[in-house]
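Everything on this sheet refers to the single structure shown next.
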Amino acid sequence: MKRLLSLLMALAMTASLAACGGSGDTDDTETGAGAETQEPAGSESVVPPVEDLTDVDTSTIPGLEDGVFTVGMECAYAPYNWTQMDDSNGAVPISNVPGAYANGYDVMIAQRICDAYGWDLEIVSSAWDSLTPAVQSGTMDANIAGQSMTADRMAEVDMAGPYYYATIVCVTTKDSKYADATSIADLAGGTCTAQSGTIWYESCLPQIENANLLAPAETAPAMIMQLQTGTVDFICTDMPTAMGAVAKDDNLVILNFSGTDGDFQFATEEERAENVNIGISVQKGNTALKDAINTVLSAMTEDDFNALMDQAIAIQPEV
């Protein structure tokens, strides 16, 4: 049923695909059960190998009876996830977009989970606003899509993780009058935006005095493009997205106010944590799947997450 639903989504998703060209030679790498996780070309992994959990019976986990882990993501949110047109660097086919492949940090995490249990990995491309409904309906087993573990989101789905700890930052251009900003107070009056459906747009940017807040961007690439074309003075996002953008455009600079009085404010440290901790969404009540994912994630440290993110940034295509 999941595969049928995925195929029905294919025509719609193909029409909206903005594919980024992957670099490097095509590499026919197995991505199913028992496959070895492929390391990005030219990099040496410092992340520990995946623990072998294939002796664990997962056949009774809702959604995993067929041994296929169906994961939703935008496939347009580098370095968390992106689309490329070959299978280089361990990219995985996008089941509902024929001829396209997904790669990035989220794909690497999903593959580690599958390798641990011997599951096959199926990636489904989905619009951001459709991710949560797809998990709620059971169309997707999980979303691994750079989603913050907010109270609002966790009222709709259960979340495993965190699988990354993100810092909220702003990005501007080197020639911008805001390039030397040391606090959000220095951004007063600027024209800005962020991606739709995020705490960056809904909670952070409104804290900037007299900010000219434009309509939210539908995707991270669209948000970055607005900055590059001068439509906005700065954008608000998380550190991995900012690092990925700067890695591909040396005219961009990151404004990081973390740990200072000039940072974005939250009512409590718990509220801050829920907005910067990134988790994996599963259907409400699917405790077995949540626990299985957490077993894999708990074997990784924050340094491991950062090292894997560095690998993703090193191989991401041009924005």
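Would you check which residues across region 206-245 are within 24 Å of TYR105 (Cα to Cα), modelled with pLDDT of 95 or more and hydroxyl-bearing (Ser, Thr, Tyr) and list them? Hit for region 206-245 is THR237, nothing else. Among the residues of region 100-117, are any out of contact with any strand residue (DSSP E or B) (no Cβ under 9 Å at 6 or more places or on another chain), basic (Lys, Arg) and outside any strand (DSSP E or B)? So far as region 100-117 goes, yes, one or more of its residues are out of contact with any strand residue (DSSP E or B) (no Cβ under 9 Å at 6 or more places or on another chain), basic (Lys, Arg) and outside any strand (DSSP E or B). For the residues GLY72, GLY67, GLY99, GLY42, the requirement of being more than 22 Å from ASN143 (Cβ to Cβ) and modelled with pLDDT of 95 or more singles out GLY99.
Annotation: of all residues in region 268-285 being touching a strand residue (DSSP E or B) at 6+ places or on another chain (Cβ under 6 Å) and either part of a strand (DSSP E or B) or free of Cβ contacts under 8 Å to residues at least 12 places away in the same chain (or both), the one that is most open to solvent (accessible area, probe 1.4 Å) is ASN277.
Here is a yes/no grid of residues against (1) more than 27 Å from GLY279 (Cα to Cα); (2) touching a residue at least 24 places away in the same chain (Cβ under 8 Å); (3) acidic (Asp, Glu):
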| site | (1), (2), (3) |
| --- | --- |
| THR173 | yes, yes, no |
| GLY190 | yes, yes, no |
| LEU205 | no, yes, no |
| LEU213 | yes, no, no |
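Going residue by residue through region 166-186, is there one that turns out to be outside any loop (DSSP other than H, G, I, E, B), modelled with pLDDT under 95 and either open to solvent by 20 Å² or more (accessible area, probe 1.4 Å) or of a type in the set (Gly, Ala, Ser) (or both)? No, region 166-186 has no match at all.
Mind checking whether some residue in region 77-91 is surrounded by 21 or more Cβ atoms within 10 Å (Cβ to Cβ), at positive phi, part of a loop (DSSP other than H, G, I, E, B) and within 10 Å of the chain's Cα centre (by Cα)? Within region 77-91, none of the residues are surrounded by 21 or more Cβ atoms within 10 Å (Cβ to Cβ), at positive phi, part of a loop (DSSP other than H, G, I, E, B) and within 10 Å of the chain's Cα centre (by Cα).
Just so you know, in region 192-232 the residues that are farther than 24 Å from PHE266 by Cβ and not in a loop (DSSP other than H, G, I, E, B) include one that is most open to solvent (accessible area, probe 1.4 Å), and it is MET225.
Of the listed requirements (1) of a type outside the set (Gly, Ala, Ser); (2) at pLDDT below 95; (3) part of a helix (DSSP H, G or I), LEU131 misses just one: (2).
In region 92-105, the qualifying residues are those that are open to solvent by 10 Å² or more (accessible area, probe 1.4 Å) and of a type in the set (Ser, Thr, Tyr), and the one that is farthest from GLY72 (Cα to Cα) is TYR101. Quick one: in region 236-267, of everything that is among the hydroxyl-bearing types (Ser, Thr, Tyr) and more than 22 Å from ALA76 (Cβ to Cβ), which residue is surrounded by the most Cβ atoms within 10 Å (Cβ to Cβ)? Going through the qualifying residues, I end up with SER258.
The values are calculated or read from the model by the stated rules, or taken from the named source; none is laboratory data. Computed from a predicted structure; not experimentally measured. All Cβ positions, glycine included, derive from the backbone under ideal geometry; neighbour counts span all protein chains shown. These area figures cover heavy atoms from the full protein model, side chains too; ligands, DNA and RNA do not enter into them. Shrake-Rupley method; radii C 1.70, N 1.55, O 1.52, S 1.80 Å.
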